[in-house]
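Quick notes on the structure that follows.
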Amino acid sequence: MVYQVLNDNNLCNYYTYENHPGSTQKNTISKNKYEFLDDSEISNQLLDFSDTKLSTVTFFIPDMHCASCIWLLENLSRLNPAVQNSRVNFLSKKLSITFLTQEITLRKIAELLATIGYEPLISLEDLEKKSESTSHRKLYYKIGIAGFSFGNIMLLSFPEYLAIDASSEVLKQTFAYVILLLSLPVFFYCSWDYFESAYKGIKQKFINIDVPLAIGILALFGRSVYEVLMGYGPGYMDSFAGLIFFLLLGKIFQQKTFDVLNFERNYKSYFPISVTLSKGKEERIIPLSKLKVGDRLFIKNGELIPADSILFNGNGNIDYSFVTGESVLVNKTPGEKLFAGGKQVGSKIEIEVLKDVSQSYLTQLWNNFSFDKKNDAGITSFANSISKYFTVVILFIAVSAFVYWLSIDVDIATTVFIAVLIVACPCALALSTPFTLGNSLRIFSKNKFYAKNINIIEKLAKLDTIVFDKTGTITVQSEAGIEFIGVDLTFSEQQMVSTLTSNSTHPLSRQISNHLNIKSDLILEDFIEIPSQGIKATFNGNTIKIGSKDFVNSVSVKTKSHSEFGKANASIVYLSINDEVKGYYKISNVYREGISEMISSLTDKYEMYLLSGDNDSEKENLQKIFNDKSKLLFSQSPYDKLEFIKKLKSSGKKVLMVGDGLNDAGALSESNVGISIAEDITSFTPASDAILEASEFYRFNKFIDFSKKSLRIIYLSFGISVFYHIIGLGAAVQGMLSPLFAAVLMPLSSITVVVFTTLSTGFLAKRIKLL
Amino acid sequence: MSVIIVLILFSILIAGGFLIAFLWAVKSGQMDDKYTPSVRILFDDEPNKSESKIELKDINKNVSK
């Protein structure tokens, strides 16, 4: 179908760019899926710009994955001439489209994208105004200006470096003033963040790394301005501009952002943007924001219940795995209460809304928990913790040098005092952290472990407790191992089982039908599904029953096998044909590959816990993987998990939480570091500090190991910078710090640290095979 | 000696021009997406079929004449 659309429009080049374009082709979309885009309120919120002629809109397209995708999406105008222009940002998977307002509607565009296989993902978050990437640009402005000033000041300082004695005093003065002029934007614009951060730190009675940095910058600049105005020369302006330039470079280095990933997701990303309202016999699609208490809604198969409500009509089979993590369907009959976040499986139901979306149980969870700002008193970064002592020592040296020289000469004493402050500027220290951790961040991301920022890596190295979630994290739901134990089934029998199970929406049925994967055109009659019992149907006179032991009426299979399965941590589904029990399907949870090795290598060093929303049927198996010291807790609600982490933290532990679903969201955000495991990084991840692709989970211990090594590199580079400081301070206290000496020493120490950290992180990563 | 001052002013002016060009480039969004343009440049301008059709028609006309 896609090919047809493309061929009609002469876009077959699509197939020449990559071998497997369109591999993520989704099946048919429902006709009304984008009906909500016709609502002018929603469409206005989505549009970036609109007037009577042209409009611009930006869609997030998760299925974009190759060069062919870019090519096709950028040639959208050939599929529909009303589209004027389309531009792809591949890394953030965004497509911005300019179109003729009169000719095509937003809904048509969304449907056009969906027909060629690129369904735009529109979530509630998009409606609330998007944050622009201006902060990113600001840093580039600053670097541009600092680099410009740094270069020109260096150029103008050359006569000083080469000790060329300018014969004309006027020339020397002009140079000095031009230099002063160039340095003003560096001081007032580029370095402003450091003062702001230092001020904030002092205000909170906390000396961060920016405090000594700000003192150093202030001393450098102040002293240089004084020298220029007094006519002594340009002072240390070159060192000053260079220092700021390097610091900003460090900032941009640590600022690797993963545009596609969203670490701050809340329920709004998952909730539908619109709901189907039932008014009498009519169905109308309205935006979720217009939903009122008392409205009646239709929830179709696979749709999420947006707000707490009462089941009004139909047979509810609610999958609460979104909230609780347990993938067991809950059966509801009309009149029963449904909670937001549940997913209806099966036939259409009608519900009446009881509470607002923001007041519902699940959303309350988000509002109640410490989601806003987490306090991390437990772990401070190395640079910040050392800067307290650093500042005190420097001030002590400066004052004592001042006092010593005071007895000899007041002028020299002041010069020495300033010189100590200048040379003690911890630029190398301030650079070591962003460069080391920025590098680690890149190495991690190459291995599909994406951390929100560099602080996470440092925190990762300092943890002492690890808490795992079970379902979805340690075990895989999708490829649960299925075994049939009993009489061998003939093909036609398997066919019947497959057809029968494919008609049920129960997770176990679906697993069996996926496992058998037989297509057939058998016609089933008298299909009956008894919730939490089993299913039954007749094929050509053969009655098949699949379900619990009592349901299939098994007499021959004794309780012996039943107790067996309790140990084997599996679900058992019995099968009988014409009331003769053929055996049972054993559906066991599968642990992720390499998980037990990974965990057992961590048990010596860390306190380990396991929290599971499920019952304790697997306790023995898990206890083997974890050692005896580790505690395994079962039947934990999302709230229990959160409280558990809180308790660990209040007892002084530094906690790492590894989880996957929304049910872990509270615990993930409460822990010091929360890592969410994702099968596919662009899909479903709750708010967390880092996202790890499930396929790399078995190397998790290596990531922790490497973060520790990174920290060691920072310590070492701190040693290097201290070495330079001692040389510099030695010169400074003797009153011998010339501008030239400073101009050589300060960049040299910065560059040494940068080179050292970059090389050593690369080397270590190769050694533990992360590169 | 004043020639060197003029020289310095000129050099700074030129460098300033480049600085403004850089700032303008950032502002226009060139630093926002550093990957897609590298792919985009590889797409060929394909031969335009509609044009060749017209040519064919012209030829046919000429033949019929």
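The values are calculated or read from the model by the stated rules, or taken from the named source; none is laboratory data. This is a predicted model, so every value here is computed, not measured. Note: ideal-geometry Cβ built from the backbone for every residue, glycine included; neighbour counts use all protein chains shown. For the accessible areas, the whole protein counts, side chains as well, though only heavy atoms, and no ligand, DNA or RNA atoms are used. Shrake-Rupley method; radii C 1.70, N 1.55, O 1.52, S 1.80 Å.
Cβ-Cβ distance of B:I41 and A:L91, R₀ of 25 Å, FRET efficiency by 1/(1 + (r/R0)^6): the value works out to about 0.95.
The residues of segment A:61-79 occluded by other protein chains by 10 Å² or more of accessible area, set against the chain on its own, are A:A67, A:I70, A:W71, A:E74, A:R78; surface from heavy atoms, 1.4 Å probe. Each label was represented as a point 7 Å from its Cα along the Cα-to-Cβ direction; for A:Q359 and A:K631 these points are 3.8 nm apart. Each of A:N514 and A:T414 was given a label point 7 Å from its Cα along the Cα-to-Cβ line. The distance between the two points is 7.7 nm. For the pair B and A, how large is the buried accessible area, both sides, in square angstrom to the nearest 100, if the probe is 1.4 Å? For B against A, buried area totals roughly 2600 Å². Extension gain, A:I768 to A:L184: 0.36 nm times the residue separation minus the Cα-Cα distance gives 205.6 nm. At an R0 of 35 angstrom, the distance between the Cβ atoms of A:L54 and A:K446 translates into a FRET efficiency of 0.30. Could you run the Debye sum over the Cα atoms of segment A:670-771, one equal point scatterer each and no solvent, and tell me log10 of I(q)/I(0) at q = 0.11, 0.16, 0.18, 0.23 Å⁻¹, two decimals? Ignoring solvent entirely, the Cα scatterers give -0.56, -0.82, -0.91, -1.16. Averaged over peptide A:491-503, the number of partner chain Cβ atoms lying within 10 Å of each residue's Cβ comes to 0. Here the spin labels are modelled as points 7 Å beyond Cα on the Cα-Cβ line, and at A:L229 and B:Q30 they lie 3.9 nm apart. Just want the answer: with Cβ charges of +1 for Lys and Arg and -1 for Asp and Glu, which residue in A:I677, A:F706, A:F718 is farthest toward the dipole's positive end in segment A:665-771? Positive-end residue among those listed: A:F718.
Taking every residue in A:137-149 and counting other chain Cβ atoms within 10 Å of its Cβ, the average works out to 4. If r is the Cβ-Cβ distance from A:N621 to A:Q533 and R0 is 30 Å, what FRET efficiency results, to the nearest 0.05? Efficiency computed from Cβ-Cβ geometry: 0.65.
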